[in-house]
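J.: Take this structure first; my questions come after.
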Amino acid sequence: MSTVPGAVVPGLPTRPGTTRAGRAPRGRLTARARHERNAGLAFVSPWVVGFLVFTAWPILYSLYLSLTDYDVLNDPTFVGLDNYRRMAADPQVRLALWNTLQYTVLQVPLYVVVALALALLLHQAGRARGFFRTAFFVPKMTPPVAVGVLLLMLFNGQYGLVNKVLAVFGIDGPSWTTDPVWIKPGLALVSLWGVGSAVVILLAALQDVPQDLHDAARVDGAGWWRRTWTITLPMISGALFFVTVVNTIAAFQMFTEAYSAYFGAGNSTYSNDAALFYVIYLFREGFQELHMGYASALAWLLFVIIMLVTAVQLLVSRRLVYYEGDQR
Amino acid sequence: MSAPATGTTTVPAAAASVPMPPPRAVRGDDRRRRRWLRGVVVAALVALTVVFVYPLVWLLSASFKPRSEVFDNRLVPAHPTLQNYLTVWESAPLALWLGNTLVVTALAATAVTVSSALVAWGFAHYRFRARGPLFGLVLATMMLPGAVTLIPTFLIWNQLGLVGTHVPLWAGNLFGSAFYIFLLRQFFLGLPREPFEAARLDGASEWTLFWRIAVPLCKPAMVLTFLFEAQASWTDLMRPLVYLQDSATFTVPRGLKAVIDQFGPGGESQWEVVVTASVITTVPMILLFFAGQRYFVQGISTTGSKG
């Protein structure tokens, strides 16, 4: 509970008194320290190579590509900021951004609240907890393509199980998979099916909340609601924040479920404007239209947006998240 | 309402060290109310379990139904048939797809487990000046959206003439992956230093320390990494879409997408075929989960709360 990824960096656990041991006064290393450094560098070298080849270079190269016209077959031609200008005017970009934003704003709060509710419920389940936890987690194993199939079938407006169940309660269910208004809610609902991993994370955090805090509050007459708001939620705010950030980044990059349900691959070319999410548009521009330069510009915009959103969430968390044993 | 969770029932390891709660001043009415609430909680959980598990059962059941009954939502097929499995088997090279996926998944999971463990060990055990900044960089790459590097990475494999082969689906894993490096490092940091110093005095090489002592001690974390990556690799659609064009090279999710396009909404509307192919894609993952259930649940608990 004590750390977030960002917070780990400065406080790398080092054994007291050994951090700089063996280092001679001015930067020169003793034989032993040199041996240790070489061994360490040897062990981390696969990652360093991978980082240079598959992360650093691609980032720089995609920045360059975003300033070119490139279709893989012919050499890239430099076009300056044309791709970015085109993006600003492209109605499809606006549509994809708007779709993605709508989906994220809908899905993230829904997902986190449902995960929290299920975790709180599970926490009360006593001995049966393990069984129910498994039941909630199993759907998470379903390949997203198959989730797309389930979405198309169970949410089918005419024959689908979801609307049949709604009809039992006298509700006339919408055409989840064809009505542009309902496509994103349908996708958000189906994403709840994979809430299991978040539930497991939150449940683990709940089990770490010291019982004596609850006991003390109960002696003082605090009810379940009151204790949940003033003890439980602050104590698990770190895990809640983690779940929210990870899920926001994932929602922004929504691809597989929507793509497998609403877009043709290979020779099939059907598509659905209401399900055109940003990464789907990027993918189609890059790999179906072979507009690699333009798609690289799209990728850079996504990069910037995700960094901004994550930064904002980090700033907000400074105020809202409590870390046990925090040094701040 | 929350009191029975501790003390009377399965106590998580962390809570076991917490001193017993003081005797409660609750009697009679309160206790009856609590028992009633417990009943409500269990009933709600049972109902939710049905909601969560039913789609899988529905899918399995539908795969045994003839075309006219696929949407009838009956739990047990009225006219059970194996015809769909025969049809799928004949109309799609499923054995080939399953074989491809198995090979890719095994290579991807093995590669990432070994390489991430190496790197994690380097960060956990050795002290050198670049360690802090480098590990910071590892963490930073976790935040990087995959879409940013998608196109240049494709161009690298294209340049190497490997687009269309399975190599791009797993070879990137040979260099470790940030999330697993982070995870395994946490485990390695928990190991005591003494056995390593002792072995070093006995003349063991650094490789021996890693492979013969550290890895066996952190086997659960290695298994967890393998399982996580096996799932990620088996279920991936994006990369097979980018790198594979020939149907004979498809992985099952990519193949399932082809089946959807041919028999699903854009095609012939033979949903029973789509359903059956979905079952075949999903079942290996369910088996994987039950084989490694312990690791999955524990692993996710750890990554969330410690991460």
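Computed from the coordinates by the stated procedures, all read-outs in this text should not be read as laboratory data. Since the structure is predicted, the reported quantities are computational estimates derived from the model, not experimental observations. Cβ coordinates were reconstructed from backbone atoms using ideal geometry, including for glycine residues, and neighbour counts include every protein chain displayed.
J.: Note down the nm distance, to one decimal, between modelled labels 7 Å out along Cα→Cβ at residue A:72 and at residue B:291.
T.: 3.4
J.: Could you work out [θ]222 nm for chain A from helices alone, using -39500 (n - 2.57) per DSSP H run of at least four and dividing by all its residues? Round to the nearest 500 deg cm²/dmol.
T.: -19000 deg cm²/dmol
J.: For residue B:257, give me every one of the aspartates and glutamates with a C-alpha distance below 18 angstrom, ignoring sequence neighbours fewer than eight places off in its own chain.
T.: A:257, B:90, B:236, B:246, B:268, B:272
J.: Quick check: pseudo-label points 7 Å beyond the Cα along Cα→Cβ at residue A:179 and residue A:290, how many nm apart are they?
T.: 4.2
J.: Which aspartates and glutamates does residue B:219 reach when only Cα atoms under 16 Å apart count, and residues fewer than 8 places away in its own chain are ignored?
T.: Straight-line reach from residue B:219, under 16 Å: B:229.
J.: Among B:36, B:234, B:271, which one shows the highest mean-square fluctuation when chain B is modelled as a Gaussian network with alpha-carbon springs under 10 Å?
T.: The residue with the greatest mean-square fluctuation here is B:36.
J.: What longest range of chain A stays clear of loop-exposed GluC sites (Glu not before Pro) (DSSP non-H/G/I/E/B, at most 12 other C-beta within 10 angstrom)?
T.: By the stated rule (loop sites, at most 12 other Cβ atoms within 10 Å), A:1-288.
J.: Of B:132, B:164, B:99, which has the largest mean-square fluctuation in a 10 Å C-alpha GNM of chain B?
T.: Top of the fluctuation ranking is B:132.
J.: Which shape class applies to the protein assembly as shown: rounded if a/c is under 1.5, otherwise prolate when a/b exceeds b/c and oblate if not, where a ≥ b ≥ c are the square roots of the Cα gyration tensor eigenvalues?
T.: Judged from the Cα gyration tensor, the protein assembly as shown comes out oblate (a/c at least 1.5, b/c at or above a/b).
J.: At a Förster radius of 25 Å, what calculated FRET efficiency corresponds to the Cβ-Cβ distance of residue B:189 and residue A:322, to the nearest 0.05? Please list the in-between numbers first.
T.: Values: r = 24 Å, r/R0 = 0.95.
Using R0 = 25 Å, I get an efficiency of 0.55.
J.: Can you tell which of B:111, B:130, B:43 shows the greatest fluctuation in a Gaussian network model of chain B with Cα springs below 10 Å?
T.: With Cα springs under 10 Å in chain B, the top fluctuation among B:111, B:130, B:43 is at B:43.
J.: Return the calculated 222 nm mean residue ellipticity for chain B, to the nearest 500 deg cm²/dmol, obtained by summing -39500 (n - 2.57) across DSSP H runs with n ≥ 4 and dividing by the residue count.
T.: Working: 14 runs with 199 residues, N = 307.
Here the helix-only value at 222 nm equals -21000 deg cm²/dmol.
J.: Less than 16 Å from a label point 7 Å out along the Cα-to-Cβ axis of residue B:81: which backbone N atoms in the range B:265-299 qualify, by residue?
T.: Inside the label zone: B:269-277.
J.: Which of the helices in chain B, when you take each full DSSP H run, stretch at least 20 Å along the axis at their Cα atoms and have an average Kyte-Doolittle score of 0.5 or higher?
T.: B:29-62, B:94-125, B:219-235, B:271-291
J.: Same structure, new question: With a Förster radius of 56 Å, plug the Cβ-Cβ distance of residue A:171 and residue A:312 into 1/(1 + (r/R0)^6) and report the FRET value to the nearest 0.05.
T.: Computed FRET efficiency for residue A:171 and residue A:312 comes out at 0.90.
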